[in-house]
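Q: Provided herewith is a single structure, encoded as structure tokens, for subsequent inquiry.
The values are calculated or read from the model by the stated rules, or taken from the named source; none is laboratory data. This structure is a prediction, so every number in the text was calculated from the model and none was measured. Positions of Cβ are generated from backbone atoms using ideal geometry, with glycine treated the same way; all protein chains shown enter the neighbour counts.
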């Protein structure tokens, strides 16, 4: 769930819709929704695609996820 929260926060901070992020990352919108809700784990290639679409790095996204986990 923490990873999905980090993805959602990054997406919203960039004012990008879930549908547009999914399009940019070449991921099905429903799959993206499941990732953000913590219902689906993302594979490493999908994590890279999400990071590329958000113009961030996996290390930054996981750092943000770690902060969510602590809260």
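Q: Report, by residue number, each residue of the stretch 35-49 that is exposed (fewer than 15 other Cβ atoms within 10 Å of the Cβ) and in a helix (DSSP H, G or I).
A: 44, 45, 48 - these are the residues of the stretch 35-49 that are exposed (fewer than 15 other Cβ atoms within 10 Å of the Cβ) and in a helix (DSSP H, G or I).
Q: When the stretch 15-24 is examined, which residues are found to be farther than 20 Å from residue 68 by Cβ and either surrounded by 13 or more Cβ atoms within 10 Å (Cβ to Cβ) or touching a residue at least 60 places away in the same chain (Cβ under 8 Å) (or both)?
A: 20, 22, 23, 24
Q: Would it be correct to say that residue 7 is crowded, with 16+ Cβ neighbours inside 10 Å, at pLDDT 95 or above, on the phi < 0 side of the Ramachandran plot and not in a helix (DSSP H, G or I)?
A: no
Q: Now a separate question. Only residues that are over 17 Å from residue 19 (Cα atoms) and touching a helix residue (DSSP H, G or I) at 6+ places or on another chain (Cβ under 7 Å): list them for the stretch 49-65, please.
A: 56, 57, 58, 61, 64, 65
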